[in-house]
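The values are calculated or read from the model by the stated rules, or taken from the named source; none is laboratory data. Remember, it's a predicted structure, so these values are computed and weren't measured experimentally. Methodologically, a virtual Cβ is constructed for each residue, glycine included, from the backbone with ideal geometry; neighbour enumeration extends over all protein chains shown.
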Amino acid sequence: MPFFDIFLKADYENITTLRLHKDTSLFLSCECQGCREISDSFMALNRNEQTSISGSRGTANLVFKCKSCKKECSVDLVSTFDVTDDNKPQQFAKLECRGCKPSELSLRDGFEAISEAGNTFDDIDLTEGEWYGYDEDAKVPLGITNVEIKINKC
Ligand SMILES: [Zn+2]
């Protein structure tokens, strides 16, 4: 079963930690390992959802059929990790894929960040690859910018 590590790199201003909410979906496109077709839309991957895999007793967080060769593929969100302010790519999710591999990830809303003053900011939207806020306690601006995603096969 191939595993894939998702790495996230960003520039942080007065932010110490970034993480995905436990209920938040990741959106990804996948490349079919049968015919190499890449899905033409982003699919939601949510660890709270379980769909049956055909012909097995197993389930996965995301099950879909390749539009081109009809092969069934499935993806599980195995875990997510806190990303800390460290100027280099850090692992923030681990996926297990059957029949496909992740091609691209689309970040949307549902992220949570902790400021240097220790305050939690939820519902952070990274759709545009950046987020700006303000910490009232510390009276400092907050920022998450230049967000980049990298997918590595384990
Ligand atoms: Zn296919």
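The combined condition, being away from the ligand (no atom under 16 Å from the Cβ), of a type in the set (Asp, Glu) and either more than 23 Å from Val147 (Cα to Cα) or buried (at least 16 other Cβ atoms within 10 Å of the Cβ) (or both), is not fulfilled by Glu104. Could you please find all residues in the range 30-46 being within 19 Å of the chain's Cα centre (by Cα), charged (D, E, K, R) and modelled with pLDDT of 95 or more? Answer for the range 30-46, where residues must be within 19 Å of the chain's Cα centre (by Cα), charged (D, E, K, R) and modelled with pLDDT of 95 or more: just Glu31.
Within the range 54-70, the residues that satisfy the criterion of being closer than 20 Å to Ser29 by Cβ and either surrounded by 17 or more Cβ atoms within 10 Å (Cβ to Cβ) or free of Cβ contacts under 8 Å to residues at least 24 places away in the same chain (or both) are Ala60, Asn61, Leu62, Val63, Phe64, Lys65, Cys66, Lys70. For Ser74, are the conditions met, namely being within 16 Å of the ligand (Cβ to nearest atom), within 13 Å of the chain's Cα centre (by Cα) and at pLDDT 95 or above? Criteria not met by Ser74.
Among the residues of the range 25-37, is any closer than 30 Å to Gly133 by Cα and surrounded by fewer than 18 Cβ atoms within 10 Å (Cβ to Cβ)?
First, pick out the residues of the range 25-37 that are closer than 30 Å to Gly133 by Cα: 25-29.
The next check asks that each one be surrounded by fewer than 18 Cβ atoms within 10 Å (Cβ to Cβ); those that pass are 27, 29.
Yes, the range 25-37 has at least one match.
In the range 71-101, the residue that is nearest to Leu20 (Cα to Cα) out of those that are among the hydrophobic types (A, V, I, L, M, F, W, C) and surrounded by fewer than 18 Cβ atoms within 10 Å (Cβ to Cβ) is Phe81.
Condition first: more than 23 Å from Gly58 (Cβ to Cβ) and either polar (S, T, N, Q) or not in a strand (DSSP E or B) (or both). Now tell me which residues in the range 1-28 satisfy that. The answer is Asn14, Thr16, Thr17, His21, Thr24.
Return yes when Glu49 is modelled with pLDDT of 95 or more and in a loop (DSSP other than H, G, I, E, B) and no when it is not.
Details: modelled with pLDDT of 95 or more: yes; in a loop (DSSP other than H, G, I, E, B): yes.
It is true that Glu49 is modelled with pLDDT of 95 or more and in a loop (DSSP other than H, G, I, E, B).
If the condition is being among the β-branched types (Val, Ile, Thr) and within 16 Å of the ligand (Cβ to nearest atom), then the range 13-52 contributes only Ile38. For the range 53-68, the set of residues classified as at pLDDT 95 or above and over 17 Å from Pro102 (Cα atoms) consists of Thr59 only.
Regarding Asn152, is this residue more than 14 Å from Thr16 (Cβ to Cβ) and either in contact with a His (Cβ under 8 Å, 6 or more places away or on another chain) or among the polar types (S, T, N, Q) (or both)?
On the way: more than 14 Å from Thr16 (Cβ to Cβ): yes; either in contact with a His (Cβ under 8 Å, 6 or more places away or on another chain) or among the polar types (S, T, N, Q) (or both): yes.
Yes: the conditions hold for Asn152.
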